[in-house]
């Protein structure tokens with residue numbers, strides 16, 4: 001053992017605790033983390049290589065018959081969706097003009113980026129996934145992530161080629177929601193189980209029924225308004241408790257979706273101006 | 001240390017980081033061993049002159065980025081691991097492989113407890129840390145790593 005090893009270990013321990021504290025309290029170390037992402041990226045890419053290879057093989061060895069059938073199904077679905085989109089265009093225009101009448105200028109449609117899931121965090125206590133788009137594609141911390149069925153979560157950590165997404169089912173996560181039917185507001189927190197969210201602080205008398213669709217209310221200024229989050233699965237009024245125990249099932253397929261959408265909204269990227277008073281002029 | 005063994009160690013470390021990132025099914029996620037810790041153990045045991053406390057900084061930071069934990073957490077854990085190994089490695093040479101695995105089990109357990117304390121102090125509302133299962137699997141894998149490392153060391157020295 002080298003001389004003064006005990007003191008050196010103490011020094012390393014103090015150094016690392018300081019680093020942890022700095023990383024937790026301030027954002028100065030974010031560039032360091034981002035740069036280290038380049039170092040770890042080759043190993044991460046190699047780890048998901050088998051997945052990419054099997055996918056490539058599957059695509060390239062598919063039978064012609066299968067492809068034709070799939071193509072037919074997809075073009076039929078496309079037709080149905082096109083029809084919906086035609087109505088959507090007129091509805092959007094109508095919505096816009098109504099909003100103009102109310103002098104509220106909200107954007108109805110958001111810009112999106114398609115990404116695919118490359119890994120699931122192995123830590124059993126958190127519900128996080130890793131996606132294949134990173135800082136080089138313009139992904140930012142706090143960006144909302146959707147799948148084809150609803151809200152999935154938000155980006156919490158960005159490296160150059162990949163990002164980490166915290167899912168709405170994580171027990172440290174909460175989304176402000178409202179009931180689609182009547183606009184009753186609530187907060188949906190994760191429970192740690194992928195198929196269950198909990199609505200907290202719902203009064204016993206609130207008008208919520210089993211089967212109600214919950215959509216994001218946009219009040220947290222993090223998620224855009226109006227995306228489906230969950231459907232209410234059970235309501236229990238516990239005598240003596242001031243709040244009802246409401247459980248809901250996420251509409252997004254948290255454990256199955258491979259392709260996700262990253263949403264670029266003005267809301268999420270908006271940073272408060274440096275001079276708050278100057279903008280009032 | 002020869003160039004050959006340096007390249008060998010770099011390859012082992014790379015593989016360890018690949019294994020650390022590989023997705024595992026839900027059931028197995030409780031038992032994910034710390035692959036990088038295994039390779040670090042082998043490095044410090046077989047080349048104690050070359051690999052000292054300094055490896056804690058680069059490898060610890062890389063592990064932090066890999067796991068998305070607070071920067072510095074794994075620096076602390078790897079530092080402690082290296083220090084304990086430096087205290088014990090001469091004695092561990094005399095042990096048989098199973099006794100070595102038992103020592104490694106206790107070390108990883110102690111580090112998981114330190115991990116839990118550090119996170120609990122630094123981060124409010126932090127998720128709990130699995131204590132027993134990763135230590136068990138890491139200790140279980142040690143005999144294989146030891147044999148591979150020992151054999152390749154012999155081969156490198158003969159060459």
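What to note about this one:
- Averaged over peptide B:25-37, the number of partner chain Cβ atoms lying within 10 Å of each residue's Cβ comes to 2.
- Pairwise Cα distances in the protein assembly as shown exceed 39 Å for 34 percent of all pairs.
- Taking each DSSP H run with n ≥ 4 as -39500 (n - 2.57) and averaging over every residue of chain A yields -11500 deg cm²/dmol at 222 nm.
- Estimated [θ] at 222 nm from DSSP helical runs (n ≥ 4, -39500 (n - 2.57)) normalised by residues in chain B, nearest 500: -25500 deg cm²/dmol
- Fewest-first sequence of A:236, B:66 by Cβ atoms within 10 Å of each Cβ: A:236, B:66
- Extension gain for residue B:99 to residue B:132 (0.36 nm times residue separation, less C-alpha to C-alpha distance): 10.1 nm.
- Residue B:24-residue A:125 FRET efficiency (beta carbon distance; Förster radius 25 Å; 0.05 resolution): 0.95
- Separation of alpha-carbon centers, the range A:216-254 and the range A:146-193, rounded to whole Å: 11
- Neighbouring Cβ atoms from other chains, within 10 Å of the Cβ of residues in B:14-21, number 5 on average.
- Inter-probe distance in nm under a simple model that places probes 7 Å from Cα toward Cβ, at residue A:113 and residue B:7: 3.8
- Footprinting exposure proxy for A:159, A:205, A:18 (fewest neighbouring C-beta atoms within 10 Å first): A:205, A:18, A:159
- Note on A:79, A:113: ascending count of other Cβ atoms within 10 Å places them as A:79, A:113, the fewest first.
- The Kirkwood radius of the range A:142-223, taken over pairs of alpha-carbon atoms, gives through the Stokes-Einstein law at 37 °C and 0.692 mPa s a diffusion coefficient of 242 µm² s⁻¹.
- Average other protein chain Cβ within 10 Å of Cβ, residues A:25-38: 2
- Degrees, to the nearest 10: B:132-158 long Cα axis against longest axis of chain B: 20
- Every pair of different Cα atoms in the range B:1-157 enters the Kirkwood calculation, which places the hydrodynamic radius at 16.1 Å.
- Full-stretch length increase - residue A:75, residue A:22 - with 0.36 nm per residue and alpha-carbon distance subtracted: 13.7 nm
- Fluctuation leader among A:227, A:26, A:125 - chain A, Gaussian network, Cα springs under 10 angstrom: A:26
- Applying 1/(1 + (r/R0)^6) with R0 = 60 Å to the Cβ-Cβ distance of residue A:4 and residue A:222 gives a FRET efficiency near 0.75.
Only the coordinates and a few stated rules stand behind these numbers; no lab work does. Computed from a predicted structure; not experimentally measured. Quick reminder, even Gly has a Cβ in these numbers, built from the backbone with ideal geometry, and neighbours come from all protein chains shown.
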